[in-house]
1. Please give the Cα centre distance for region 389-444 versus region 243-267, rounded to the nearest Å.
2. Past 22 Å, Cα to Cα: identify those pairs from 97/272; 321/390; 321/449, in the order given.
3. Could the peptides 484-493, 247-256 be put in order, highest first, of the mean number of other beta-carbon atoms found within 10 Å of their residues?
4. Which order do peptides 293-304, 439-450 fall in by mean Cβ count within 10 Å, highest first?
5. With a 10 Å radius around each residue's Cβ, average the other Cβ atoms per peptide and rank 367-377, 262-272, highest first.
Amino acid sequence: MAVFQLDIRPATRIAGVAALYHLKKPAASGPRPNILRVGSSARNIAGPGNGLAVKKNAENNNEKPDTCTADELHYVTVSGSEWRLALWRYLPSPKAKPRNHPLLLLSGLGTNAIGFDLSPESSFARSMSNQGFDTWTLEVRGAGLSALVGDHGEGEITEIVSKSKKSPSKLSETLVRLSERFLGYFDEGRNSVMACQIRDLSQKLVNIIEGQRSVAPHIFGFPDNFSTALEKLLKQLDLIEKYDWDFDHHLEDDLPAVIGYIRSECRPKDGKLLAIGHSMGGILLYALLSRCCFEGMDPGLASVITLGSSLDYTSSKSSLKLLLPVADPAKAVNVPVIPLGALLSAAHTFASRPPYVLSWLNPQISAPGMMHPELLEKLVLNNFCTVPAKLLLQLTTAFEDGGLRDRSGSFLYKDHLGKTNVPVLAIAGDQDLICPPEAVYETVKVIPKHLVTYRVFGEPSGPHYAHYDLVGGRLAVNQVYPSIINFLNQHDII
């Protein structure tokens, strides 16, 4: 693969939380973060021409991983860590109106950039770049193509390596290996009651699947995919020691590094970015605004849009409450990660095929009829990643009085959001089970009224919008995107 490395030191040393968010505009000749660029755009952007100093890569034929459908793939090294964060860049259409600010997209918990670019017909990122915005999608540490220095991105690690048929013995072997791997996390030992239960459950699951396959192979044609998903899970477990971070790592390390890098690449005149966050991505943006208010710092954002996000879920019936019974046992037995991607891939088999044992999972992502089944399957099988237990445990504080807290438990992010001077558009889906409208409003109501716009999409008689539909539902391009673009237009003025 043809790549080239730009080995340049970071623009500033970040010292303390305040400095993390004091994102000063770099001098034209100043140093820039360590980056590795891979690939280049097929679009012909010959010069700025759009209010931003957009550069072409030096080489037009550099290869990108097949999973990356953006025009360019950039890597940003996070100071003080071994992580290289992947940034998918979508260059602005030369036919679009010139823009003054680049646009940063942040995805949800345990997800990669694919959700913003699911297909040519369902691409939130490409829709924004077609409107003239230089669009960047961040994959935080542990997600997608972001990787430890000298390692491959998770997108490559978790990619399905074989579509060959898996025999019943292969499936049984995989489940046994998986159960043995999990037993290593229990201090009770391999001969404990819990250990025996895990072994028994594994064997019963094999017997059920293989038995149904022999009885009704035309219905249960899924053990192959299930076995492959379990193999992905085993690969994830080999990486768990490296998954040691929480929400504040994303907020204090990943986000400032990326904002600084995008600004140095695009050089907007006022040094600001536009930002859109879905789910946890929106929570990160709210937390950034709050922290900057507390520190008296400029967040470097011209406006913020959140999709299905809140700092406080206490007033809602969010299905994320299902995480609460998972969090404490994970902490108790010292399980460091939750392999969300592999688990959802395996569960999707039971949710989308008879007898639909886990059919309740699909509405968590998309309302009935809002996504083509093939796109929904692509999303579930490719968009989710492994989540550190530390991250999950910190996010569960959003269900406590006062909402989300920092890792010390003493800083409540919602408490300082009311001091922000950044315009916010908060969007909710009427059938969002993960972040219901009442949860979204719980955060909206603390933002100054003259700065916040609150919208709920969905009608009593339909269509309805679930959690992901705000980004990639089949009607979002005509119903949701225009509101987003209109808000961006209002705040793209210098």
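Any read-out appearing in this document is the output of simple, stated calculations on the displayed coordinates, not a laboratory observation. What you see is a predicted model; the values in this text were computed from it and never measured. Cβ placement follows ideal geometry from the backbone for every residue including glycine, while neighbour counts extend to all protein chains displayed.
1. 19 Å
2. Flagged as over cut-off: 321/449.
3. 247-256, 484-493
4. In decreasing order of mean packing, 293-304, 439-450 become 293-304, 439-450.
5. Peptide ranking by packing, descending: 262-272, 367-377.
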